[in-house]
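Heads up: the structure comes next, in structure tokens.
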Amino acid sequence: MSRWRTWGEIPTFMKNDFTLKYYRHLSRKRTSMVFKRIFDMIMSAVLLVLLSPVILVLAVWIKVDSRGPVFFRQERITQYGRKFRIFKFRTMVNDADKKGSLVTVGGDSRITRVGAVIRKYRLDEIPQLINVLCGDMSFVGTRPEVEKYVMAYTPAMMATLLMPAGITSEASIRYKDEDRLLEAADDVDYTYIHKVLPGKMRYNLKYLKRFSLINDIRLCIETVLAVIH
């Protein structure tokens, strides 16, 4: 996670009355944000070690199943609008982002056989532990979007960029079947930007208001339970 910036250092495109309100609120929780980063570093390092056998098995399975790299790397946006490259296990055919929408719909023909299985249990998210360890992401926070969708943010949504992007969130839990919601859309990008994204952002903004390390741990546990069920 980047150091907490003064209001004068916040990127101009983020500055508005909505962001200022959340900035003032989060400024009072800077100690909690330090502990959040410590928690992220320790837990990501421990989990990378513990899950290394799983990571190896999934990597081999993906490589055997279809042509292409093991990891899917894509430029996303995190805290303060900074760009980074996300790590995910590849669940779609190679160069899938050049063959359709930047979001995935139910029954997407680009999804591989292995991809369908590991997406169901969110195993494709495991490599993001690397992003968490590096400070590009946190365990809990707004899911990182591609620049195209960030540029469609309303002024209120810009406030979510005050915190690092996350692997999970309440929005992720509530919208875990997002691909099914988009399946029947005539224009997937339009539907995502104007119908799905606003709903997710209501949860993300609520998270900023309620931010605490205890709440982060609760959301991590709820995510595990949601995946199991």
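Things to note:
- Cα-only Debye scattering, the stretch 152-200: base-10 log of I(q)/I(0) at q = 0.23, 0.32 Å⁻¹: -0.97, -1.22
- Amide H contacts of residue 137 (H built 1.01 Å from N, under 5 Å, at least 5 apart or other chain): 132
- Taken one residue at a time, the phi angles of the stretch 184-189 give Karplus couplings (6.51, -1.76, 1.60, θ = phi - 60°) of 8, 6, 6, 10, 4, 4 Hz. Gly and Pro are set to x.
- Computed on the stretch 148-229, with alpha-carbon pairs under 8 angstrom and 6+ residues apart, the relative contact order is 46 percent.
- Applying the Kirkwood pairwise sum to the alpha-carbon positions of the stretch 111-176 produces a hydrodynamic radius of 13.1 angstrom.
- Global form of the stretch 32-161, assessed from the alpha-carbon gyration tensor, a/c cut-off 1.5: oblate
- HN-Hα J in Hz across the stretch 161-175 - Karplus 6.51, -1.76, 1.60, θ = phi - 60°, x for Gly and Pro: 7, 6, 10, x, 4, x, 6, 9, 5, 5, 4, 5, 5, 5, 10
- Charge tally in the Cβ shell below 11 Å around residue 7, where Lys, Arg are +1 and Asp, Glu are -1, residue 7 excluded: +2
- Distance distribution P(r), the stretch 1-98, all Cα-Cα pairs, bin width 5 angstrom from 0: 2, 10, 14, 15, 15, 13, 11, 10, 8, 3, 0 percent.
- Charge dipole (debye, nearest 20) of the stretch 14-162; +1 at Cβ of Lys and Arg, -1 at Cβ of Asp and Glu: 260
- Distance violations [Cα-Cα > 28 Å] among 63/195; 88/195; 120/200; 63/200; 148/176; 36/195: 63/195; 63/200; 36/195
- Inter-label distance for residue 224 and residue 206, nm, one decimal - labels placed 7 Å from Cα along Cα-to-Cβ: 2.3
- The stretch 162-229: C-alpha gyration tensor shape, a/c 1.5 cut-off, then a/b vs b/c: oblate
- Helix axis angle, 17-27 relative to the chain longest principal axis, alpha carbon, degrees: 90
- The modelled label-to-label distance for the pair residue 134/residue 75, using points 7 Å beyond Cα in the direction of Cβ, is 1.4 nm.
- Extension gain for the segment residue 85 to residue 2, taken as residue separation times 0.36 nm less the Cα-Cα distance, is 28.3 nm to one decimal.
- For the chain, carbon and sulfur atoms together expose 60% of the accessible surface, with a 1.4 angstrom probe and every protein chain in place.
- Low-density loop positions, trypsin sites (Lys or Arg not before Pro), the stretch 176-227 - DSSP coil, at most 15 other Cβ in 10 Å: 176, 210
- Amide hydrogen neighbours beyond the local backbone of residue 72, cut-off 5 Å, H modeled: 88, 89, 90
- Residue 67 versus residue 49: modelled label distance in nm, points set 7 Å from Cα along the beta carbon direction: 4.0
- Tail weight of P(r) past 22 Å, computed on alpha-carbon pairs of the chain, percent: 52
- Derived scalar couplings ³J(HN,Hα) [the stretch 200-207; Karplus, 6.51 cos²θ - 1.76 cosθ + 1.60; whole Hz; x for Gly, Pro]: 5, 5, 4, 5, 5, 6, 4, 4
- Each of 135, 11, 27 was scored by the projection of its Cα onto the charge dipole of the chain, and the greatest displacement toward the positive side belongs to 27; charges sit on the C-beta of Lys, Arg, Asp and Glu.
The values are calculated or read from the model by the stated rules, or taken from the named source; none is laboratory data. Predicted, not measured: the structure shown is a model, and the values here were computed from it. Don't worry about glycine lacking a Cβ; one is built from the backbone with ideal geometry, like all the others, and counts go over all protein chains shown. All accessible areas refer to the heavy atoms of the entire protein, side chains included, with ligands and DNA or RNA removed. Shrake-Rupley method; radii C 1.70, N 1.55, O 1.52, S 1.80 Å.
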